[in-house]
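Working notes, structure below.
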Amino acid sequence: MKLGFTPAQERFRTEAAAWLSTQLDDHYSKLRGVTSLTAQPELRREWEQALGRARWSAVGWPAEYGGRDATLAEQVIFAEEYARAQAPARLGHLGVELIGPTILQFGTDAQKRRFLPPIAAGEEYWCQGYSEPNAGSDLSNVRTRARLAQGPNGDEWIIDGQKTWTSLAQFADWVFLVCRTAVGSKGRDGLSFLLVPMQQPGVTLHPIRQMTGDIEFNELFFDGARTAAENIVGAPGEGWKIAMALLNFERGVSTLAQQMSFRGELERLCALAARNGAARDPLIRQRLAQAHIGLRIMRYSALRMLTNAESAQLGRAAFTYKIFWATWHRKLGELAMDIQGPAGEIAEAAPYRFNELTNLYLYTRADTIYGGTNQIQRNLIAERALGLPKEPRGR
Amino acid sequence: MQFAFTEEQELIRDTARRFCDQHGSPERVRMAVESSHGYDQATWRAIGEEMGWCGIALPEGVGGSGLGAVELAILCEQMGRVLLPSPFFATACLAAPAIALAGSPAQQQALLPDIAAGRTRATLALSNSQGDPGLAGIGARLARVTGALRLTGEAGFVIHADAANLLVVAVRAEGSLGSDGVSLLVVAPDQKGVTIEPLVMMDRTRPMSRVHFDSVEVPREAVLGEVESAGPALAKALSRAQAALAAEQLGGAEAALEITTEYAKARMQFDRPIGSFQAVKHRLADMMVMTEAARSAAYYAACAVDELPAELDEAAAIAGSWCSDTYTNCAGNMIQLHGGVGFTWDHVAHLYFKRARASAMLLGSPAWLREQIAQRLSLGPAQAAT
């Protein structure tokens, strides 16, 4: 076992840290510490483009598509420095972290050439069309359908249906879509993975307000929406496989960056507890220590997963990662309110703006729901890692 | 950056696993527990002399293998899986680090080769008879009486003292606090004034004794290093011991999960395996979440011993608290999910349950370890007791 980084890797770290701090001290200083995905969209777009020009947007991608061919260790290092610098949450994260790697792994050369460079350059943005009103935990129940037809510019997919919980659709140029293409098929069979342009008459958006007061996600309605026939990743009928592979990328390098921002949250919470005297309470001290322990363990586990990811040997730790961090984060939100006391409930600005720690309390209720609820995670752990019997379906 | 076993480490794990499956079968563990010192002599000879495992983390210069804390953790994990009774932990994980860190080079050269070769059965006498944790809980006292050093008082919860031929005794000068005034002594159990009082403990797989010191004469050369200077070395040794213990606890927790999962697949009620019920499935899933985290924590702490000294104290406290909680949780759930049979003497579940409790309290409870961590978080002082 070897836990340290090499001198070359440390030089990479210094270079990344220097670039980030220069940018964030100067033109982009208003973006420092911005965790909300919807705040300051114009400046955020500029930031994505600045990252792209300096080749820091998608460091792990091949250089020909706008990346740096960074090794896994270098990707980890960049993610750590990004979070350490309190660089803003990535407007382009769906493109850079999800659909980009998916196209790299499963896409045609033409698709790679068409879609990857604009993602890395911060010029095209993506959203995710997975969940539907009747297909949440049971994603295979999707009903949005697509059929091939002849169009004025060649063969096209015509899409009808509805998606929900689509984050950042209001900023997206493209949506990646799981939909049913084999007529009469049920469940996981007969699904396809399409890439669909957002700006067209057949696609309409309906924003959904969250309990936090923000509008981060949307319903998407497809009514005769169109995309060129070649905008399919994998073959027709392979949609489930591609959709699941994309979800695996969620467990990648960004996990380490996430911990750095969690670290910032915990540090600010500890500072408040020390300031307002809550930290004299032994139970609060125990919970803060436990939060610190959980965060450290997340880091250790992520190092394990990343090591094994390189050797293509994804162990059991990968099954537990999501439920662990989501539950940790939710508990942190509760602790944040206990430490603040009732004062945390007072809005700090009109119409319904709260401080960072109170926002944590509200936002983290979603952490144990999206990306696979805690209940689904436990089913997956029990069935796939422990080999226990699968849940019966209804008849 | 490589946080996974090397091929050599995997080999050590596989060898240890086979050894422990053979020597630590449920029948052999029960027989060992019933024997006079609570462990099987042939097994101990195999561990100490044939396999040379007590020296795995000791330098080659004293006859050890020159490997490290990760290899030691691998052995502890496998032994913990089967609750293998033996003085291994006491000798290699408690006493040896104390000697290696506090002893002078000459003392190390005098004491460690016999440990590495399996000839010494050693243990550490640390806490008072209440079992108070850390250096603050040191039970015995060292005083200068008419020019000679005298050891008095008692140490509680000394593991395998009744089988030891070497005691490493932590002492402090009367009135000293914290890291100050602490010495480590090597004492023969049959020395005049030393009385070993074996206790009947809830966990019969790891015998403990109270050791009484009645004005025991301590020659100068029996003090490891300098008098009253061993505080920092002892603290480091305890962090190392904590890391090894965490690995042992990990092994026990994994065994509890494995045994219970197999039971859940086999046991039929209501015409289906009980493991097909979500309440059972989800509880096992939660056990796996904890044990995977425990694995990360225990091996990071072991790596910290070998590679990251600045992180050792924190990593050890993290591993200790998390692995203790994981083991007690998993062992408790093993009883629960086995239903009535989980409550019987004949089933193994209670052995794990009791070992989990005893090891959680051996080097500082989870709550105490968390408070040690809290003290490093710049939280200001805790509320003084009124």
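A few comments on the model shown:
- Residues satisfying the stated conditions in the stretch B:278-310, i.e. more than 9 Å from chain A (Cβ to nearest Cβ), free of Cβ contacts under 8 Å to residues at least 24 places away in the same chain and of a type outside the set (G, A, S): B:P309
- Lone qualifier among A:G371, A:G333 - being more than 8 Å from every other protein chain (Cβ to nearest Cβ), surrounded by 18 or more Cβ atoms within 10 Å (Cβ to Cβ) and small (G, A, S): A:G333
- Residue pairs whose Cβ atoms lie under 9 Å apart, sitting 6 or more positions apart in sequence or on different chains, and linking a residue in the stretch B:1-13 that is closer than 13 Å to A:L303 by Cα and facing chain A (nearest Cβ under 7 Å) to a partner that is surrounded by fewer than 17 Cβ atoms within 10 Å (Cβ to Cβ) and β-branched (V, I, T), are B:M1/A:T6.
- Positions within the stretch A:341-395 being among the polar types (S, T, N, Q), within 24 Å of A:L37 (Cβ to Cβ), in contact with a helix residue (DSSP H, G or I) (Cβ under 8 Å, 6 or more places away or on another chain) and in a helix (DSSP H, G or I), in sequence order: A:T358, A:T364, A:N374, A:Q377
- B:T91, sole failed condition from (1) among the polar types (S, T, N, Q); (2) in contact with a Lys or Arg (Cβ under 9 Å, 6 or more places away or on another chain); (3) not in a helix (DSSP H, G or I): (3)
- Entry remark, the stretch B:187-223: residues being assigned to a loop (DSSP other than H, G, I, E, B), polar (S, T, N, Q) and in contact (Cβ under 8 Å) with a residue 60 or more places away in the chain number 1 in total.
- Conditions (1) under 22 Å from the mean Cα position of the chain (by Cα); (2) of a type outside the set (S, T, N, Q); (3) crowded, with 19+ Cβ neighbours inside 10 Å; number of the one not met by B:L284: (1)
- Every residue from the stretch A:119-164 that is aliphatic (A, V, I, L, M) and under 17 Å from the mean Cα position of the chain (by Cα): A:I119, A:A120
- Close pairs from the stretch B:60-76: first on the phi > 0 side of the Ramachandran plot, partner buried (at least 18 other Cβ atoms within 10 Å of the Cβ), Cβ under 6 Å, at least 6 apart: B:G63/B:G55; B:G63/B:A116
- Selection within the stretch A:27-68 - surrounded by fewer than 20 Cβ atoms within 10 Å (Cβ to Cβ), touching a helix residue (DSSP H, G or I) at 6+ places or on another chain (Cβ under 7 Å), at pLDDT 95 or above and assigned to a loop (DSSP other than H, G, I, E, B): A:A54
- Condition met for A:V76 (crowded, with 21+ Cβ neighbours inside 10 Å and at pLDDT below 90): yes
- Filtered residue count, the stretch B:3-14, keeping only those that are exposed (fewer than 15 other Cβ atoms within 10 Å of the Cβ) and farther than 17 Å from B:A255 by Cβ: 5
- Looking at A:R275, A:R280, A:R268, A:R285, just one residue is in contact (Cβ under 8 Å) with a residue 40 or more places away in the chain and among the basic types (K, R), and that residue is A:R268.
- Within the stretch B:35-50, being under 12 Å from B:G24 (Cβ atoms) and more than 17 Å from the chain's Cα centre (by Cα) holds for B:D40, B:T43, B:A46.
- Qualifying residue in the stretch A:233-256 (condition: within 14 Å of chain B (Cβ to nearest Cβ), surrounded by 21 or more Cβ atoms within 10 Å (Cβ to Cβ) and not in a helix (DSSP H, G or I)): yes
- Answer residue from the stretch B:23-55, given it is hydroxyl-bearing (S, T, Y) and touching a helix residue (DSSP H, G or I) at 6+ places or on another chain (Cβ under 7 Å) and is farthest from B:A90 (Cα to Cα) among those: B:T43
Okay, residues lined up against (1) of a type in the set (A, V, I, L, M, F, W, C); (2) in contact (Cβ under 8 Å) with a residue 40 or more places away in the chain:
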site: B:G332; (1), (2): no, no
site: B:I335; (1), (2): yes, no
site: B:H347; (1), (2): no, no
site: B:R357; (1), (2): no, yes
site: B:M361; (1), (2): yes, yes
site: B:L369; (1), (2): yes, yes
site: B:A374; (1), (2): yes, no
site: B:S378; (1), (2): no, no
site: B:P381; (1), (2): no, no
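- Failed item, numbered, when B:A349 is tested on (1) within 9 Å of chain A (Cβ to nearest Cβ); (2) touching a Gly at 6+ places or on another chain (Cβ under 7 Å): (1)
- A count restricted to the stretch A:150-195 and to residues that are in a loop (DSSP other than H, G, I, E, B), touching a strand residue (DSSP E or B) at 6+ places or on another chain (Cβ under 7 Å) and among the hydroxyl-bearing types (S, T, Y) stands at 1.
- Of all residue pairs spaced 6 or more apart or on separate chains, those with beta-carbon atoms under 9 Å, a first member in the stretch A:381-395 that is more than 7 Å from every other protein chain (Cβ to nearest Cβ) and under 13 Å from B:H282 (Cα atoms) and a second member that is part of a loop (DSSP other than H, G, I, E, B) and among the charged types (D, E, K, R) are A:E383/A:K390; A:E383/A:E391.
- Residue in the stretch A:92-109 that is in contact (Cβ under 8 Å) with a residue 40 or more places away in the chain, part of a loop (DSSP other than H, G, I, E, B) and under 19 Å from the mean Cα position of the chain (by Cα) present: yes
- Note on the stretch B:240-277: among residues that are over 24 Å from A:A302 (Cβ atoms) and charged (D, E, K, R), the one that is farthest from the other protein chains (Cβ to nearest Cβ) is B:E248.
- Filter result (assigned to a loop (DSSP other than H, G, I, E, B) and either among the polar types (S, T, N, Q) or surrounded by fewer than 23 Cβ atoms within 10 Å (Cβ to Cβ) (or both)) within the stretch B:163-177: B:N165, B:A173, B:E174, B:G175, B:S176, B:L177
- On the stretch given as the stretch B:275-308, residues that are over 14 Å from B:A247 (Cβ atoms), out of contact with any Ser or Thr (no Cβ under 8 Å at 6 or more places or on another chain) and modelled with pLDDT of 95 or more total 10.
- The stretch B:98-123, residues that are of a type in the set (A, V, I, L, M, F, W, C) and surrounded by fewer than 23 Cβ atoms within 10 Å (Cβ to Cβ): B:L101, B:A106, B:A110, B:L111, B:A117
Rundown of residues vs (1) more than 30 Å from B:L124 (Cα to Cα); (2) in contact with a strand residue (DSSP E or B) (Cβ under 8 Å, 6 or more places away or on another chain), yes/no style:
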| site | (1), (2) |
| --- | --- |
| B:R210 | no, yes |
| B:V218 | no, yes |
| B:S239 | no, no |
| B:A253 | no, no |
| B:Q269 | yes, no |
| B:R272 | yes, no |
| B:R283 | yes, no |
| B:A294 | no, no |
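The values are calculated or read from the model by the stated rules, or taken from the named source; none is laboratory data. Keep in mind that what you see is a predicted model, and the values were worked out from it rather than measured. With ideal geometry, Cβ positions are generated from the backbone for all residues, glycine too; neighbour counts draw on all protein chains shown.
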